[in-house]
Amino acid sequence: MPVRQLPEQVVNRIAAGEVVERPASVVKELVENAIDAGASRIDVFTDGGGRRRISITDDGGGMTASDLALAVERHATSKLDDEDLLQIRTLGFRGEALPSIGSVARLSITTRHASEPHAWALTVEGGEKSEIMPAALAHGTRVEVNDLFYATPARLKFLKTDRTEAEAIREVVRRLAMARPDVAFTLAGEERAPVTWAAALPGTAGRLTRLGDILGTEFRSHAIEVHAEREGVAVAGYAAAPALTKANALGQYLFVNGRPVRDKLILGAVRAAYSDYLPRDRHPVVALFVTLDPREVDANVHPAKTEVRFRNAGLVRALIVHGLKEGLAREGRRTAANSGDSALSSFRPAFAPRPASWDWRASPSAPSGPLPSFGGAAAPAFAERSQAAFDVGAPSADVRIDAQPVSDLVDRPLGAARTQLHETYIVSQTRDGLIIVDQHAAHERIVYERLKASLAANGVQRQILLIPEIVEMDEAIVERLLTRSDELASFGLAIESFGPGAVAVRETPSLLGKTNAGGLLRDLAEHMAEWDEALPLERRLMHVAATMACHGSVRAGRRLRPEEMNALLREMEETPNSGQCNHGRPTYVELKLADVEKLFGRR
């Protein structure tokens, strides 16, 4: 087949295929144009999921008649001062959006510049441009796109339902609204009720207001401010406390110089920063804004401008990880249970109320023997020698701990330990409520943080076993462990081969005390099976530390003395990130007195 020059219409449609993937792509390009034009208000209307109609109206600077005639030509743009593609300071710069849209749809543009006596209008249908005509418009620009892909019917077959396409448009507008809280947005259409995001005040307060309006009040209540800056690169924004998570990464909103992007480097950095806080199947909710010199980032990687490439990717990643970790450590005791509503929603009445005429003596389950006496002492509790016992009158005993004055402890953040339930949960009293602590999860975080601190300072102290412990396992598992023996040794776990299918444990971390070496090694081997060489050494070491902490912490089912319970509470108050265990579960639940009063109908 001979080489031939493609017709202009075919070239435009090929270009449109790269830029205009779906109706949401059209909305993205047009809204970005409005933002670059200096708009302070942008109204978006769609019909039929955007395939029948898209209308974008803004109050930006508008265009003159000559600019309008040139705007629909390929590779014509007002967003590059010169030919330097390394100085991109606008959202759009390729000059392909309007001609690409006009080649596959019916495009109408009405605009007015402040220097013009009236507005001008232009239409483009299937790539055919009309004459410029006078029109009526007070200021700004209105762009309408009708019958999208009518000129390329094959593309219509690949579109989803109207509802799905409308949701994609909503997500595009949401991301752009997050990036520019100073711009007011209105999103309306036949598929949805109109929603308006008013312009917010400048600064961090305005940014949080806009994020709360879009992501919801739950994000606002869990938001932790993030800020880090070095060598001209700044990372700012908000990250949700580990209590607020999602089943996928769609709740992670990332922006580079005001441009919404989906960058694997940044997503990986976010995951690494939360690795100590979340289970493997949960993802954090964040909105991060990276600002740097345009010369240090390539925004021209993808036709849709959704991907970027950093010149110093390591610096950007390190700043994101540092900023997130610093913010999470600062708010380390915030958990899902810190909001009373989440805890209250778990409570249900233990039984249905009986009718007033019901007689317990006639019930088949009524006791046949004498009634039990409630005047004597109850079974021993671990907060004191006797649990509260009640007779017909006032309480005959109190469940206070006599080891320390109550007033000295109830004012502490985690209060004074009162009792232990099911040999697993510690109940403590604060000045204005009560707290239930999961003893294993809490101590697991404490041991984990000690291991990390010890490793960072001078290595983990180890204890030599008088008699090495022999652990028999599958040969493949033994090989996996021996391959990582150097990494395990850095945490004080010294192992060596003991013949086929066996490992000899000669040293263990002293911080763990007496531990089940066999169970620890099997758990470590399971984690190592998921590693690959791409996983950074630091992450692998933290996985080892987390597994060791789990085995070295107080187990559920162990009875604790009052002083042990209070000591655990005090250590939690001093330990970073004590609101969650290493697996992302909350370590305690807090109920304020107001919450308890709600349970009993007092409020």
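The values are calculated or read from the model by the stated rules, or taken from the named source; none is laboratory data. Just so we're clear, the structure is a prediction, and the values are computed from it rather than from any experiment. Glycine also receives a Cβ, built like all others from the backbone with ideal geometry; neighbour counts cover every protein chain displayed.
A few notes on this one:
- For the stretch 87-108, residues that are at pLDDT below 70, touching an Asp or Glu at 6+ places or on another chain (Cβ under 8 Å) and more than 20 Å from VAL145 (Cα to Cα) total 1.
- Of the residues making up the stretch 222-254, those that are touching a residue at least 60 places away in the same chain (Cβ under 8 Å), buried (at least 22 other Cβ atoms within 10 Å of the Cβ) and out of contact with any Ser or Thr (no Cβ under 9 Å at 6 or more places or on another chain) are VAL226, ALA239, TYR253.
- The stretch 134-162 residues that are farther than 19 Å from LEU98 by Cα and in the same structural domain as MET63 (by TED's automatic domain parsing), paired with ones that are assigned to a loop (DSSP other than H, G, I, E, B) and of a type in the set (Ser, Thr, Tyr) (beta carbon under 9 Å, 6 or more apart): LEU156/TYR150
Residues are listed down the side, and each one gets a yes or a no for (1) assigned by TED's automatic domain parsing to the domain that holds HIS139; (2) at pLDDT 85 or above; (3) within 29 Å of the chain's Cα centre (by Cα):
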| residue | (1), (2), (3) |
| --- | --- |
| ASN12 | yes, no, no |
| ALA15 | yes, no, no |
| GLU21 | yes, no, yes |
| VAL27 | yes, yes, yes |
| ASN33 | yes, yes, no |
| ALA39 | yes, yes, no |
| THR46 | yes, yes, no |
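- Residues satisfying the stated conditions in the stretch 224-249, i.e. assigned to a strand (DSSP E or B) and small (Gly, Ala, Ser): ALA228, ALA234, ALA236, GLY237, ALA239, ALA240
- Out of ILE477, ILE426, sole residue that is among the aliphatic types (A, V, I, L, M), in contact with a Gly (Cβ under 9 Å, 6 or more places away or on another chain) and in contact (Cβ under 8 Å) with a residue 12 or more places away in the chain: ILE477
- So PRO468, is it out of contact with any helix residue (DSSP H, G or I) (no Cβ under 8 Å at 6 or more places or on another chain), assigned by TED's automatic domain parsing to the domain that holds HIS440, surrounded by 15 or more Cβ atoms within 10 Å (Cβ to Cβ) and not hydrophobic (A, V, I, L, M, F, W, C): yes
- All positions within the stretch 483-496 that are surrounded by 14 or more Cβ atoms within 10 Å (Cβ to Cβ) and of a type outside the set (Phe, Trp, Tyr): ARG484, SER485, GLU487, LEU488, ALA489, SER490, GLY492, LEU493, ALA494, ILE495
- Residue count, the stretch 39-66 (criterion: assigned to a loop (DSSP other than H, G, I, E, B) and touching a strand residue (DSSP E or B) at 6+ places or on another chain (Cβ under 6 Å)): 5
- Screening the stretch 85-191 for strands (runs of 3 or more DSSP E) wholly inside it with 2 or more residues that are under 37 Å from the mean Cα position of the chain (by Cα) returns the ranges 140-146, 184-189.
- Test result for LEU455, in a strand (DSSP E or B) and at pLDDT below 85: no
- Check on LEU466, without any contact (Cβ under 8 Å) to a residue 12 or more places away in the chain and outside any loop (DSSP other than H, G, I, E, B): yes
- Checked against the criterion of being closer than 25 Å to HIS583 by Cα and modelled with pLDDT of 85 or more, the stretch 202-209 has no qualifying residue.
- Residue, surrounded by the fewest Cβ atoms within 10 Å (Cβ to Cβ), within the stretch 130-149, restricted to residues that are touching a strand residue (DSSP E or B) at 6+ places or on another chain (Cβ under 7 Å) and farther than 20 Å from VAL31 by Cα: ALA136
- Taken over the stretch 241-268, the criterion of being closer than 18 Å to LEU319 by Cα and under 12 Å from the mean Cα position of the chain (by Cα) is satisfied by GLN252, TYR253, LEU254, LEU267.
- Test for ALA525: is it modelled with pLDDT of 70 or more, touching a strand residue (DSSP E or B) at 6+ places or on another chain (Cβ under 9 Å) and either small (Gly, Ala, Ser) or not in a helix (DSSP H, G or I) (or both): no
- A search for C-beta distances below 7 Å between a residue of the stretch 488-501 that is farther than 18 Å from THR515 by Cα and any residue that is assigned to a loop (DSSP other than H, G, I, E, B), counting only pairs 6+ apart in sequence or on different chains, returns GLY501/MET473; GLY501/ASP474.
A quick yes/no check of all residues on (1) among the basic types (Lys, Arg); (2) closer than 21 Å to THR245 by Cα; (3) at pLDDT below 90; (4) assigned to a helix (DSSP H, G or I):
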position	(1), (2), (3), (4)
ARG295	yes, no, yes, yes
HIS302	no, no, yes, no
ILE320	no, yes, no, yes
GLY323	no, yes, no, yes
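Each row is one residue, and each column tells you yes or no for (1) among the acidic types (Asp, Glu); (2) closer than 18 Å to VAL72 by Cβ; (3) touching a residue at least 24 places away in the same chain (Cβ under 8 Å); (4) in contact with an Asp or Glu (Cβ under 7 Å, 6 or more places away or on another chain).
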site: VAL20; (1), (2), (3), (4): no, yes, yes, no
site: PRO23; (1), (2), (3), (4): no, no, yes, yes
site: ASP36; (1), (2), (3), (4): yes, yes, yes, no
site: ILE42; (1), (2), (3), (4): no, no, yes, yes
site: PHE45; (1), (2), (3), (4): no, no, yes, no
site: GLY50; (1), (2), (3), (4): no, no, yes, yes
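- Selection from the stretch 19-38 of residues that are buried (at least 24 other Cβ atoms within 10 Å of the Cβ) and part of a loop (DSSP other than H, G, I, E, B): VAL20
- The set of residues in the stretch 250-267 that are more than 17 Å from VAL233 (Cβ to Cβ) and part of a helix (DSSP H, G or I) comprises LEU250, GLY251, LYS264, LEU267.
- Condition met for GLU564 (under 22 Å from GLU444 (Cα atoms), touching a Leu at 6+ places or on another chain (Cβ under 9 Å), modelled with pLDDT of 85 or more and surrounded by fewer than 19 Cβ atoms within 10 Å (Cβ to Cβ)): no
- Residue count for the stretch 192-206, restricted to those that are within 11 Å of ILE42 (Cα to Cα) and not in a loop (DSSP other than H, G, I, E, B): 2
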